[in-house]
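Heads up: the structure comes next, in structure tokens.
The values are calculated or read from the model by the stated rules, or taken from the named source; none is laboratory data. Because the structure is a prediction, the values reported are computed rather than measured. Quick reminder, even Gly has a Cβ in these numbers, built from the backbone with ideal geometry, and neighbours come from all protein chains shown.
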Amino acid sequence: MSFENDLATISLDLKKYRIRIYKTTIHQLGDPKYIQLLINPEKMSVAIRAVETAIHNDQTHRVTRHSMAPDNSYELYSQSLMHSIREIIPELDDGFTYRASGQVIPIHHIAVFDLKSLFPVEQPRGDS
């Protein structure tokens with residue numbers, strides 16, 4: 001089964017510092033045991049790379065069925081990643097959740113998301 005033409009999707013919740021990677025994206029990456037989150041400030045992109053083993057002195061995140069959220073997404077929390085994204089795109093609102101579509105490159109076991117394509121999907125609730 002080939003996923004080359006399918007778009008991958010992630011959500012970035014700036015308020016909770018949460019990164020949500022959807023199950024279909026995990027499948028498109030080949031259901032890896034571990035993933036790495038990579039950021040490229042020059043290209044304004046975030047990438048998710050599939051790896052089969054934890055890499056010493058590197059940030060890898062274990063992906064298991066048990067770690068999947070009830071909506072079949074994998075969630076992780078990273079204050080430092082969200083701060084890095086805010087440095088690249090300072091106009092993002094801390095109270096919003098944003099979604100980005102990306103492209104999976106199967107030969108490299110990576111999904112790349114253009115941060116310029118982020119769009120808000122959830123607004124903050126009013127304070128009144």
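What to note about this one:
- Picking from residues in the range 88-104 that are in contact with a helix residue (DSSP H, G or I) (Cβ under 7 Å, 6 or more places away or on another chain) and not hydroxyl-bearing (Ser, Thr, Tyr), the one that is surrounded by the fewest Cβ atoms within 10 Å (Cβ to Cβ) is Ile89.
- Residues located in the range 44-82, provided they are surrounded by 15 or more Cβ atoms within 10 Å (Cβ to Cβ) and among the acidic types (Asp, Glu): Glu75
- Among the candidates Ser101, Ser78, residue that is at pLDDT below 95 and closer than 16 Å to Lys116 by Cβ: Ser101
- Filter result for Thr60 (within 19 Å of Asp114 (Cα to Cα) and touching a residue at least 12 places away in the same chain (Cβ under 8 Å)): no
- Each residue in the range 75-117 was checked for being assigned to a loop (DSSP other than H, G, I, E, B) and of a type outside the set (Phe, Trp, Tyr), and 9 pass.
- One residue from Ile48, Ile39 being part of a strand (DSSP E or B), in contact with a helix residue (DSSP H, G or I) (Cβ under 6 Å, 6 or more places away or on another chain) and modelled with pLDDT of 90 or more: Ile39
- Of the numbered criteria (1) β-branched (Val, Ile, Thr); (2) within 12 Å of Ile110 (Cα to Cα); (3) without any contact (Cβ under 8 Å) to a residue 60 or more places away in the chain, the one Thr24 fails is (2).
- Among the candidates Ile107, Ile85, residue that is buried (at least 17 other Cβ atoms within 10 Å of the Cβ) and closer than 18 Å to Gln36 by Cα: Ile85
- Test: residue in the range 10-18 that is modelled with pLDDT of 90 or more and at positive phi: yes
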